[in-house]
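Step one of this worksheet: look at the structure below.
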Amino acid sequence: MLEALRELEPNLVVCHRSPWTGIEDKSVLGPRARVMVLLRWLAAYPALLFAYLRAPRHDRVVVPYPGILDVLILYPFARLRGAQICWDMFLSAYDTVVIDRQMLRANGLFARLLYATEWLATRAAQTILLDTREHARYIADLYRLPAARTKSVWVGVESDVFTPARNPPTGKPVKVLFYGQFIPLHGLPVIVEAIRQIAGRLDAPAMEFTIIGTGQEQPTVDAMIKEHQLGNLRRVPWVDYSLLGQKIADASICLGVFAADGKAARVIPNKVFQILAAKRPLVTMDCPAIREIIALGRSIRLVRPGDPSDLADALVALANELCDPAKAAEIHEAAQKEMPMVGMTVVREQLASVLETQ
């Protein structure tokens with residue numbers, strides 16, 4: 001988003017202070033690290049407001065994700081300067097914490113406070129950006145906003161890290177890759193159950209699965225792996241972000257997300273954009289959001305949400321095709337046509353269209 005803004009506005013002024021210095025994985029923070037981040041975060045606001053008030057005259061200020069408090073704190077100062085706020089909400093904290101991950105009771109005090117805070121932030125911003133049209137419609141309904149207030153801009157992908165992969169792997173075993181933060185919308189239990197089913201199938205070729213990541217559902221997922229004694233599955237806790245492109249290139253098939261319902265049907269995770277940019281065969285769940293960017297094809301297999309049997313069927317069918325050199329060549333050639341461009345050019349054009357109408 002920042003790169004796209006820089007290209008659209010050469011004189012862009014950035015007011016930024018980062019509380020994340022020295023922290024690589026934000027999903028796994030100990031108590032001490034959380035306190036340190038909170039203190040840095042609170043201390044940053046006076047400096048940010050001072051920098052903002054010194055900025056040249058402007059009509060619009062863009063607040064990046066997560067930005068809930070940023071929007072509320074900035075609002076009176078933006079009004080003072082006659083500027084409208086465009087908030088890259090990206091995702092709803094209330095929807096994520098309360099509805100999707102169920103970390104707070106929906107009728108509890110903290111959940112209600114979170115909803116109220118986000119409700120206020122959606123009123124303070126003139127334009128709210130989400131990652132898909134389906135997600136934008138959902139947020140408009142959740143916070144009772146006019147549909148015109150919520151817009152969609154794709155997440156996109158870093159073209160220097162994720163590029164079309166060359167020399168696709170051939171032969172057996174067929175290498176299948178999943179990586180992510182083990183959050184509910186990824187549907188890791190669905191993936192593990194599908195792997196268990198594949199292990200007992202006579203029509204399945206030799207397959208090697210790699211699951212990379214840690215997060216909320218890790219204990220459940222690791223317990224399933226241990227229970228089923230899946231010898232063809234390798235667990236890797238962490239891979240440096242700069243190496244993910246190579247991990248995708250080394251895979252025969254890459255997995256998206258598979259949760260049964262909820263948020264997974266409304267968003268397109270970063271990992272899907274990254275796989276599309278690498279032009280690797282993709283298997284992911286069929287849903288309204290994913291249909292905004294791709295369709296079923298030779299290199300793209302869409303399966304029923306929350307259905308491990310359908311996932312197992314799709315993986316076995318695709319793996320068998322990849323074991324045939326002629327069919328494998330057709331699939332990798334199809335990927336060049338079926339997988340859309342998801343880089344900076346597209347994000348810049350979408351963002352420009354949104355800002356022109358604000």
- [ ] Can you tell me which residue among Ala111, Ala121 is surrounded by 21 or more Cβ atoms within 10 Å (Cβ to Cβ), assigned to a helix (DSSP H, G or I) and not β-branched (Val, Ile, Thr)?
- [x] Ala121
- [ ] Run Pro10 past the list (1) within 26 Å of Gln350 (Cα to Cα); (2) open to solvent by less than 70 Å² (accessible area, probe 1.4 Å) and report the number of the one that doesn't hold.
- [x] (2)
- [ ] Kindly indicate the residue of region 294-305 that is modelled with pLDDT of 95 or more and among the aliphatic types (A, V, I, L, M) and also most open to solvent (accessible area, probe 1.4 Å) among those meeting that condition.
- [x] Leu302
Task: Which listed residue is touching a residue at least 40 places away in the same chain (Cβ under 8 Å), out of contact with any Phe, Trp or Tyr (no Cβ under 8 Å at 6 or more places or on another chain) and over 29 Å from Arg166 (Cα atoms), from Ala289, Ala265 - done: Ala265
Task: Considering residues of region 124-157 that are part of a helix (DSSP H, G or I) and in contact (Cβ under 8 Å) with a residue 40 or more places away in the chain only, the residue farthest from Ile248 (Cα to Cα) - done: Ala124
Open item on the list: Take the residues in region 45-60 that are of a type outside the set (A, V, I, L, M, F, W, C) and under 22 Å from Leu355 (Cβ atoms); name whichever of them is surrounded by the most Cβ atoms within 10 Å (Cβ to Cβ).
Closed with: Tyr52
Open item on the list: So the check is Cβ under 6 Å with 6+ separation or different chains; which pairs have a first residue in region 189-212 that's at pLDDT 95 or above and a second one that's part of a helix (DSSP H, G or I) and not aliphatic (A, V, I, L, M)?
Closed with: Val190/Pro308; Glu193/Pro308; Ala194/Pro308; Arg196/His228; Pro205/Asn320
Task: Residue that is farthest from Leu130 (Cα to Cα) [pool: residues in region 339-354 that are open to solvent by 60 Å² or more (accessible area, probe 1.4 Å) and part of a helix (DSSP H, G or I)] - done: Thr345
TODO: Taking the options Gly67, Gly82, name whichever one is surrounded by fewer than 14 Cβ atoms within 10 Å (Cβ to Cβ) and under 23 Å from Leu12 (Cβ atoms).
DONE: Gly82
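The values are calculated or read from the model by the stated rules, or taken from the named source; none is laboratory data. Given the structure is predicted, the values throughout are model-derived calculations rather than measurements. In this analysis, Cβ positions are derived from the backbone assuming ideal geometry, glycine residues included, and neighbour counts consider all displayed protein chains. When the accessible area is computed, the model is the full protein with side chains, heavy atoms only, and any ligands, DNA or RNA have been set aside. Shrake-Rupley method; radii C 1.70, N 1.55, O 1.52, S 1.80 Å.
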